[in-house]
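Below: the structure, in structure tokens.
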Amino acid sequence: MAEPSRHQLSPQPPVPVRLAGARLTVLSGPSGVGKSTVVRAIRRRWPKVWLSVSVTTRPPRPGEVHGREYFFVTEGEFGQMAAAGELLEWARFAGYLYGTPCGPVAEHVAAGQPTLLEVDVAGARQVRRLVPGALLVFLAPPSWDELVRRLTGRDTEPAGVISQRLEAARAELAAEPEFDVTLVNTSVEDVCEQLVSLVAAASAP
Ligand code: ADP
Ligand code: 5GP
């Protein structure tokens, strides 16, 4: 697919305008740090937090369900969504496209529901631009060696993809100062509790 053009993601009415003053929380951080693990725990234990479901062209991993972890789409379908202005933000990460459908985010924010997005650093930067009131949370590993262990130990990608993700991780770690808050993922339980408090505070009227 031709890369969807960036201007398609610039703030265009009506949806991004509805989101301009929205209060939502964005979780980001390097691949392998534990973002999906944290999101999965929140989905299980804090159902009041609404978790945005992204679209991706990546194939599902074992256990991933269409509509729960992601909407798995073709490059053509992704391109159509981007062209129609249906994505709040999108990025290419390690060879695949990922994007946040805009409509559901706008609806849940409008309903006053605590709203959490999990995106890569490029996506977080786009949300910062489009939704200046968003709270950006960076999930950091306890150490570089632990990040390598987690990414390798997950055993979901071939070696080539792991090294691609580790290379991206170096750049993503350098972006930490751009975020409002850093949480170190030593204990999933502790991170979830801290994150849920932040989401609740960020969405309070
Ligand atoms: P991400 O979504 O950020 O790419 P994952 O959630 O897939 O990362 O986690 C990568 C690996 O690290 C998984 O095998 C997961 O079980 C493990 N993991 C996540 N959080 C922790 C933690 N606090 N301590 C130890 N291992 C963890
Ligand atoms: P994974 O393939 O490991 O599920 O995700 C790869 C990366 O894409 C992770 O850093 C994840 O946070 C990010 N990601 C997931 N959904 C989105 C999205 O909608 N937009 C952007 N920009 N990144 C996403």
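Descriptive notes on the structure:
- Under the Karplus curve 6.51 cos²θ - 1.76 cosθ + 1.60, θ = phi - 60°, whole-Hz ³J(HN,Hα) for segment 177-187, x wherever Gly or Pro sits: x, 6, 9, 6, 9, 10, 10, 8, 7, 8, 10
- Normalised by the number of residues in the chain, the average gap of Cα pairs under 8 Å and 6 or more apart makes the relative contact order 34 percent.
- The simple Förster model, with R0 at 45 Å and r as the Cβ-Cβ distance, assigns residue 159 and residue 71 a FRET efficiency of 0.95.
- Computed Rg/Rh of the chain, alpha carbon atoms with Kirkwood Rh: 0.93
- Once the Cβ-Cβ distance of residue 44 and residue 143 is raised to the sixth power relative to R0 = 22 Å, the FRET efficiency obtained is 0.20.
Bear in mind that the values in this text are calculations on the coordinates, not laboratory data. As the structure is a prediction and not an experimental result, all values here were calculated from the model. In this analysis, Cβ positions are derived from the backbone assuming ideal geometry, glycine residues included, and neighbour counts consider all displayed protein chains.
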